[in-house]
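The values are calculated or read from the model by the stated rules, or taken from the named source; none is laboratory data. From a predicted model like this one, the values you see are computed outputs, not experimental measurements. No Cβ is skipped: glycine too gets one built from the backbone with ideal geometry, and neighbour counts run over all protein chains shown. Quick note on the areas: whole protein, heavy atoms, side chains included, nothing else; ligands and nucleic acids left out. Shrake-Rupley method; radii C 1.70, N 1.55, O 1.52, S 1.80 Å.
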Amino acid sequence: MHCPFCSAADTKVIDSRLSHDGQQVRRRRECSACNGRFSSFESAELGLPRVIKRDNTRGAFDPDKLRAGLLKALEKRPVTSEQVEAVIMRLVKQLRSSGEREISSRLIGEWVMEELAALDSVAYVRFASVYRSFQDIQAFNHVIDQLKQMLSSNKKQADDLETEKK
């Protein structure tokens, strides 16, 4: 790997460790020419399904677009970048494990909404308002009611599990 500081071709690995739940290898490298240190990441290159958009065009899945949408919904919310990256990793894993060659953008959007519902309810409503193209206040109320039902159902399941453990 070329050094990002001086472009020398000779760099050596001085440390390796797993990151992102074992999905990547983080390598600490040192340049033989300038002694600059930097990290590189290695991950398996697995194909992702193509995305069928609403207008029936097809395109490559772009994790950067997913990240941008999540960050927009999560703007000024108390969510760490690690949590955002974990959501992206889970969604990419879900895409890969679907086994499909093509997948609907609608399904991806629903998966994103599930993740946001668990992560931050305000971001969930923000994302839903754009994703579902809300036209009036009734649409907001409907999504908020759905979120309340989902959260109360999740809380009930958690309470039931806690009761079983006792």
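DSSP beta bridges in the chain, what fraction antiparallel, as a percent rounded to 5?
Around 85 percent antiparallel, to the nearest 5.
Going Cα to Cα from Lys93, which aspartates and glutamates come in below 14 Å? Please leave out same-chain ones fewer than 8 positions away.
Reachable aspartates and glutamates: Asp21, Glu45, Asp62, Glu85, Glu115.
Whole number in Å², please: accessible area per residue of the chain, 1.4 Å probe, ligands, DNA and RNA not counted.
69 Å²
Springs between alpha-carbon pairs under 10 angstrom, Gaussian network model over the chain: which of Gly36, Gly109, Gly59 fluctuates most?
Residue with maximal mean-square fluctuation among Gly36, Gly109, Gly59: Gly36.
Put one equal scatterer on each alpha carbon of the chain, apply the Debye formula with no solvent term, and list log10 I(q)/I(0) at q = 0.10 1/Å to two decimals.
The computed values of log10 I(q)/I(0) come out as -0.56.
What length, rounded to one decimal in nm, is gained on full extension from Arg28 through to Glu114, with 0.36 nm per residue of separation minus their alpha-carbon distance?
27.4 nm
Would you please give the FRET efficiency between Asp145 and Asp64, computed as 1/(1 + (r/R0)^6) with r the Cβ-Cβ distance and R0 = 41 Å, to the nearest 0.05?
Efficiency computed from Cβ-Cβ geometry: 0.80.
Quick one: among Glu30, Glu85, Glu75, which has the greatest mean-square fluctuation in a GNM of the chain with alpha-carbon springs under 10 angstrom?
Glu30
Over the stretch 3-51, with every protein chain in place, what whole percent of the accessible area is carbon and sulfur at 1.4 Å, could you tell me?
Of all accessible area on the stretch 3-51, carbon and sulfur atoms account for 43 percent.
Report the convex hull volume per residue for the stretch 77-166, counting only C-alpha atoms, in Å³.
127 Å³
Most mobile of Ala118, Ala60, Ala33 per a Gaussian network model of the chain (Cα springs, under 10 Å)?
Taking springs between Cα atoms under 10 Å, the residue moving most is Ala33.
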